[in-house]
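Q: Can you keep this structure in mind? I'll have questions shortly.
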Amino acid sequence: MRVVTLAGGTGAAKLLRGLAAHVDPRDLTVIGNTGDDTEVWGLHVSPDLDTATYALAGMLDVERGWGLAGETFECLRGMANHGADTWFNLGDRDLATHLTRTRALREGQPLSRATARIAADLGVSVRIIPMSDDPVRTMIRTPAGRLTFQEYFVREKALVDVVGVDYDGAPAAHPAPGVVDAIRGAELVVVCPSNPVTSVGPILAVPGIVDALAATAAPVVAVSPIVGGAAVSGPAAALMRTRGLPVSPLGIARAYAPWLRRLLIDRRDEACAPELARLGVETDVADIIMTSRAHEAALAGRILERR
Ligand code: GDP
């Protein structure tokens, strides 16, 4: 079955590992968020693409949810001696990824080609495509000014007030090669449990992607990142409030209307089902907090079975 996923970082990594346990890697496509991309020490870092790649390579640091397992941070300490900013943690082996990507981009290659090459180098045969080769940057508006997503999330630990979110560059961006065809030719589209505002939102902001989601014959199924009125992790709740979205599966359904067919929700949110039905979204009540590999595979299996 040809399965296409829209993916952010940590929540997506778990479901991607689960899907990879069932689907032939050549039939699995990941469309990754690049709104969080940033430059660190002159290197182009694509955190969400790397999280997906490392997860599928079996190399992700599962405890942290980002970076490589068994990583060391000697270079980071060295950079501190040179007075460089060190709030964005880049591991020593992780640097090889960013050096490879940055060199490819400087040679004029598009991000999609660099991403495919890095995945192949790490033995991943799942197709991982950035949402766009054009720069789209998620900017967080705070009362004191605008921050990049990483400044907000990593440096400020998401503790500042947010008054709005912008996707700079999105109106002029094009979907990367293969994105629209993959969605249109899919047999199932899965929106991973990712932040709807800062992980899936930037993907949807690229002109042409929502149209493809609305036009595909494949069912579009999402897993709610919100359980019992709160995000499983991260700042999704605060960011949804700034968008006027209720912090519940209803807010997720509203963010993904009108192309979302089915939403997997937790038992605690069962009461949302009638309202979801009024929005035209089918509900599947399941155990959606993934706490083990077996759990990831079971949730993915259920999505594939009930498509
Ligand atoms: P980020 O770049 O780390 O913010 O990556 P994501 O966009 O993937 O954000 C994590 C989102 O996934 C948060 O909104 C969490 O609530 C959600 N999440 C994390 N783990 C799980 C899980 O096991 N199950 C579900 N349903 N959601 C999860």
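The values are calculated or read from the model by the stated rules, or taken from the named source; none is laboratory data. Bear in mind the structure is a predicted one, so any value in this text is a computation, not a measurement. Methodologically, a virtual Cβ is constructed for each residue, glycine included, from the backbone with ideal geometry; neighbour enumeration extends over all protein chains shown. Calculation scope for accessible area: heavy atoms of the full protein, side chains included, ligands and nucleic acids excluded. Shrake-Rupley method; radii C 1.70, N 1.55, O 1.52, S 1.80 Å.
Q: Identify, please: which residue in the stretch 1-27 is of a type outside the set (A, V, I, L, M) and away from the ligand (no atom under 16 Å from the Cβ) and is, among those, nearest to Ala231 (Cα to Cα)?
A: Among residues in the stretch 1-27 that are of a type outside the set (A, V, I, L, M) and away from the ligand (no atom under 16 Å from the Cβ), the one nearest to Ala231 (Cα to Cα) is His22.
Q: Could you list all residues from the stretch 31-57 that are away from the ligand (no atom under 12 Å from the Cβ) and open to solvent by less than 10 Å² (accessible area, probe 1.4 Å)?
A: Those that are away from the ligand (no atom under 12 Å from the Cβ) and open to solvent by less than 10 Å² (accessible area, probe 1.4 Å): Ile31, Val45, Thr53, Tyr54.
Q: Continuing with this model, one more query. Met1 passes all but one of (1) open to solvent by 10 Å² or more (accessible area, probe 1.4 Å); (2) farther than 20 Å from Val223 by Cα; which number fails?
A: The number of the failed condition is (2).
Q: I need the full set of residues from the stretch 192-226 which are open to solvent by less than 20 Å² (accessible area, probe 1.4 Å), of a type in the set (Val, Ile, Thr) and more than 6 Å from the ligand (Cβ to nearest atom), in order please. Before you say what the answer is, go through the steps one by one.
A: Filtering the stretch 192-226 down to residues open to solvent by less than 20 Å² (accessible area, probe 1.4 Å) leaves 192-194, 196-203, 206, 209, 212-213, 216, 218-226.
Still in the list and also of a type in the set (Val, Ile, Thr): 197-198, 200, 203, 206, 209, 216, 220-221, 223, 226.
Within the stretch 192-226, Val197, Thr198, Val200, Ile203, Val206, Ile209, Thr216, Val220, Val221, Ile226 meet the criteria.
Q: Shifting gears a bit: For residues in the stretch 17-30 being among the aliphatic types (A, V, I, L, M) and within 24 Å of Pro110 (Cα to Cα), which is surrounded by the most Cβ atoms within 10 Å (Cβ to Cβ)?
A: Checked the stretch 17-30; the qualifying residue surrounded by the most Cβ atoms within 10 Å (Cβ to Cβ) is Val30.
Q: In addition: Tell me, which residue of the stretch 109-140 that is hydrophobic (A, V, I, L, M, F, W, C) and part of a loop (DSSP other than H, G, I, E, B) is nearest to His98 (Cα to Cα)?
A: The initial filter retains those residues of the stretch 109-140 that are hydrophobic (A, V, I, L, M, F, W, C), namely 111, 114, 116, 118-120, 122, 124, 126, 128-129, 131, 136, 139-140.
If we keep only those that are part of a loop (DSSP other than H, G, I, E, B) as well, we get 122, 124, 126, 131, 136.
Details: Leu122: 13, Val124: 17, Val126: 20, Met131: 18, Val136: 18 Å.
Ranking the candidates gives Leu122 first.
Q: Is it the case that the stretch 82-99 has a residue that's in contact (Cβ under 8 Å) with a residue 24 or more places away in the chain, among the hydroxyl-bearing types (Ser, Thr, Tyr), crowded, with 16+ Cβ neighbours inside 10 Å and touching a strand residue (DSSP E or B) at 6+ places or on another chain (Cβ under 7 Å)?
A: No, because not a single residue in the stretch 82-99 is in contact (Cβ under 8 Å) with a residue 24 or more places away in the chain, among the hydroxyl-bearing types (Ser, Thr, Tyr), crowded, with 16+ Cβ neighbours inside 10 Å and touching a strand residue (DSSP E or B) at 6+ places or on another chain (Cβ under 7 Å).
Q: Which is assigned to a helix (DSSP H, G or I), of a type outside the set (Asp, Glu) and closer than 20 Å to Thr148 by Cβ, of Leu15, Leu99, Leu49?
A: Leu49
Q: I'm checking my understanding of the structure. Among residues of the stretch 1-12 that are assigned to a helix (DSSP H, G or I) and not hydroxyl-bearing (Ser, Thr, Tyr), which one is modelled with the highest pLDDT?
A: That would be Ala12.
Q: Taking the conditions exactly as written (without any contact (Cβ under 8 Å) to a residue 40 or more places away in the chain and within 18 Å of the chain's Cα centre (by Cα)), does Ala222 satisfy them or not?
A: Judged against the criteria, Ala222 is not a match.
Q: Ala297 passes all but one of (1) in contact with a Pro (Cβ under 9 Å, 6 or more places away or on another chain); (2) touching a residue at least 60 places away in the same chain (Cβ under 8 Å); which number fails?
A: Checking Ala297 against (1) in contact with a Pro (Cβ under 9 Å, 6 or more places away or on another chain); (2) touching a residue at least 60 places away in the same chain (Cβ under 8 Å), the one that fails is (1).
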